[in-house]
Amino acid sequence: MSESAIEKLVIVGGGTAGWITAAAFSRLLGRTLKIELVESDAIGTVGVGEATIPQIIRLNGILGLDEYDFLKHTHGTFKLGIEFVDWGRLGSSYLHTFGDAGLNLAGVPFHQYWKRAAASGHSHDLWHYSLHRHAADQAKFAKLDRVGNTAMTGLAYAYHFDAGLYARYLRAYAEQRGVTRTEGIVTSVQRDGESGDIKSITLEGEREVSGDFFIDCTGFRALLLGDELGIGYKDWSKWLPCNSAQAVPSERLETLVPYTRATAKKAGWQWRIPLQHRTGNGHVYCSDFISDDEAGEVLLAGLDTKAMADPRPIRFTTGRRERFWSNNCAAIGLSSGFLEPLESTSIHLIQAHVNRLIQLFPRGGDSSAERDEYNLRCAAEFEQIRDFLILHYKQTERDDSDFWDYCRNMDVPDSVTHKQELFASSGRVGRDVDDLFREASWVQVMLGQGITPQSHDPMADGMTEAQLTEFLGNVRTLIEKSVAPLPTHEQFIGQHCAST
Ligand code: FAD
């Protein structure tokens, strides 16, 4: 990178990635940086990306957004987790919730007590003790930090929202904070002959936009980091084989449930995202195992409400960029990689990358140490999420289609096999310290996908059988009593954030 100070930031792309980046930079570095965002209405955005994970609350906090105002303007709803239907085997279902099941005691995770009880005849599944599952089943929601006066944590949540309205909301936020928006298609990129840094981009009509640092938010095109700077792509489709999606909106659900649903299909899976005004649906599939026509039929046949448009196709390759920041350019959003939407992690990756880039943002001069740190952290984050996603495909008994035969038999990274084996042995989770997914997430997905631990942690033997039975009973009663008075999700939204 050149020696001079960074005064002008150019963001190319105005999808969710571009506008989150613009909003965060204007909030945190807006006093010293001039920020210009270039986007093209003619090219448009990918137009999906409507389910999130709880970390988005942190982003909203950094931006200082009013939660109810934001939900009102994006027709948003609350999300307690994802219901996985037909994944481990046909007919099975489980909820990957954002909370812990039960109550951890004396440093021992609750599922170890539950496992011990199961070995001596208790027949309830882990979700019998899940506050989130009970609230989700009854379509209830409220902001509940804690259960009564106990140490049991309350409802952890994220949001569903309309992707187009979300980008519009953030655009208004960023423009109010001085970000300028330029409309136009980028046709060429000019580089410094010596350093290779990007100096400027040229838009149709020969307009030139120059800058000191560039953020590539051009989606799957990766115009700057990929095409111009030549940073390659690590293809992970041998582990995450889905490469296509078709999306379609349908009428809103009669009962506004507070969770996403992901139903496994013969060559992929179908999402259902409940919004206030409509339902988002999509079929994610591998085109080696099903034709586009048939995938469209599967999608429409799986809708719970009437379609409001024709299915819209999207192609992708799962994987990540070899590097995320090169020279004076970083890629954020789909230009940096895509892991498929099964666990709604892409918007989180955008916010995590923006946050990291701001923390490491150079003032000018040699920033190779910051760049290396950024590339290292982003790569590790992608890999952890990748492993969690692979688990959903690999850990299955399904043998009813070529797709599931492939997934069940594929070789997976050792890091995934190790986690499966450890959990199968004693219900312990071999999670990395900075893993995005908490222990409770790994436990729910491993159990839900069909791994039954052979034994429990001996630390769960610290109470007698009678005490154990009483403990489990108390946890269950506490949960029932907490959920009973909650309003329905629909009522809660009506009271606080109904969109007009
Ligand atoms: P895009 O939305 O594609 O935006 C690219 C921008 O670049 C546009 O503004 C475009 O105009 C501009 N551009 C491109 N080329 C040029 C050019 N030459 N000149 C000028 N401008 C240009 N994420 C989640 O977190 N949750 C989900 O539930 C979820 N579901 C998904 C489902 C599917 C099927 C897919 C494919 C993705 C999903 N994602 C999800 C990911 C999410 O959609 C993206 O992370 C998010 O929308 C960000 O996209 P983006 O801004 O990087 O790219």
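Separation of the stretch 241-313 and the stretch 217-239, taken as the distance between their Cα centroids, equals 26 angstrom.
Output the antiparallel fraction of DSSP beta bridges having both residues in the chain, as a percent to the nearest 5. Close to 75 percent.
Taking the Cα centre of each part, how many Å lie between the stretch 15-61 and the stretch 384-402? Using only Cα atoms to place each centre, the spacing works out to 31 Å.
Among Glu206, Glu194, the order of accessible area from largest down is Glu194, Glu206, computed with a 1.4 Å probe on protein heavy atoms. Binning at 20 Å from 0, report for the chain what percent of all alpha-carbon pair distances ends up in each bin. Histogram of Cα-Cα distances, whole percents per bin: 22, 54, 22, 2. A helix-only calculation puts the chain at -10500 deg cm²/dmol for mean residue ellipticity at 222 nm, using -39500 (n - 2.57) for each DSSP H run of at least four residues, averaged over all residues. Counting only protein heavy atoms and a 1.4 Å probe, the chain has 40 square angstrom of accessible area per residue. Partner lysines whose Cα lies under 26 Å from the Cα of Lys34, excluding those fewer than 8 positions away in the same chain, are identified as Lys8, Lys199.
The long axis of helix 292-301 is offset from the longest Cα principal axis of the chain by roughly 50 degrees. Taking label positions 7 Å along the Cα-Cβ direction at both Asp399 and Thr255, the computed distance is 3.6 nm, reported to one decimal. Surface composition of the stretch 214-300: carbon plus sulfur atoms hold 44% of the accessible area, using a 1.4 angstrom probe and ignoring ligands, DNA and RNA.
What is the helix-to-structure angle for 163-176, meaning the angle in degrees between its Cα long axis and the longest Cα principal axis of the chain, kept from 0 to 90 and rounded to the nearest 10? That works out to roughly 50 degrees.
Sites counted here are trypsin sites (Lys or Arg not before Pro) in a DSSP loop (not H, G, I, E or B) having no more than 13 other Cβ atoms within 10 Å; the longest part of the chain that contains none of them is 364-500. With a 1.4 Å probe and every protein chain kept in, tell me what percent of the accessible surface of the stretch 56-177 is carbon plus sulfur. The value for the stretch 56-177 is 48 percent carbon and sulfur by accessible area.
Among the listed pairs Lys79/Lys265; Lys79/Lys234; Lys140/Lys481; Lys265/Lys394; Lys143/Lys394, a Cα-Cα separation exceeding 25 Å is found for Lys79/Lys234; Lys143/Lys394.
For the chain, take the longest principal axis of its alpha carbons; what is the angle in degrees between that and the long axis of helix 110-119, to the nearest 10 within 0 to 90? Long axis of 110-119 versus the principal axis of the chain: about 40 degrees. Using a probe of 1.4 Å on the protein chains alone, the accessible area found for Thr187 is around 80 Å². Remark: spin-label model distance Thr153-Gln454 equals 3.1 nm, labels positioned 7 Å along the Cα→Cβ axis.
The values are calculated or read from the model by the stated rules, or taken from the named source; none is laboratory data. These numbers were taken from a predicted model, which means no experiment stands behind them. Methodologically, a virtual Cβ is constructed for each residue, glycine included, from the backbone with ideal geometry; neighbour enumeration extends over all protein chains shown. To get the accessible areas, we keep the full protein, side chains included, count just its heavy atoms, and leave off ligands, DNA and RNA. Shrake-Rupley method; radii C 1.70, N 1.55, O 1.52, S 1.80 Å.
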